[in-house]
């Protein structure tokens with residue numbers, strides 16, 4: 001489901017960029033910022049790179065006692081932290097700022113998504129919301145250090161709320177209704 005949701009967001013962003021900048025090609029790419037060797041991914045040169053930074057379980061909605069059917073595990077709710085990195089090396093640094101500004105404008109105007117305004121959205125997702133993440137300098141330093149990269153103009157959004165459920169029944173529970181103790 002994560003791949004479908006992020007692909008849908010990238011498609012919508014590409015359409016927005018094409019309309020705003022009168023472009024023909026896709027400038028937003030869903031890819032790792034670094035390759036397996038730890039080097040900057042060459043596919044993201046002069047592009048806006050979108051990737052999953054991390055995810056966390058939404059604990060406020062956690063309800064261990066909820067079961068749609070006996071023996072079914074309760075659904076899990078997750079928030080995704082998605083990073084948008086404008087990788088336009090010198091002398092195109094101003095393009096980095098331009099693309100980053102367009103990301104901020106896009107999410108300011110589109111804070112919520114559903115299948116009406118984002119038709120590519122997975123049928124398993126009712127609604128998504130995007131919330132800008134404010135990092136302190138220390139947190140930002142840690143993020144870029146973990147990536148193994150030097151800072152580039154970027155923004156991180158918290159994508160709320162993906163619900164994962166599996167309708168498999170994990171155990172069979174014997175019924176106690178209608179049984180008598182005389183049998």
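A few points about this structure:
- Segment residue 124-residue 39, length gained on full extension (0.36 nm per residue, minus Cα span): 27.1 nm
- Among 154, 7, 96, 37, the order by Cβ neighbours within 10 angstrom, fewest to most, reads 37, 7, 96, 154.
- Gyration tensor over alpha-carbon atoms, region 2-164, equivalent ellipsoid semi-axes in Å: 30, 20, 14
- Which of 159, 140 has the fewest Cβ neighbours within 10 Å, and the rest in rising order: 140, 159
- Gain on full stretching of the segment that runs from residue 31 to residue 4 - 0.36 nm per residue minus C-alpha separation: 8.4 nm
- Where labels lie 7 Å past Cα in the beta-carbon direction, separation of residue 92 and residue 142 in nm: 3.3
- The ranking of 1, 27 from fewest to most other beta carbons within 10 Å of each one's beta carbon is 1, 27.
Each value in this text was obtained by applying a stated rule to the coordinates, not by laboratory testing. All values derive from a computational prediction rather than experimental measurement. FYI the Cβ positions are ideal-geometry reconstructions off the backbone, even for glycines, and counts take in every protein chain you see.
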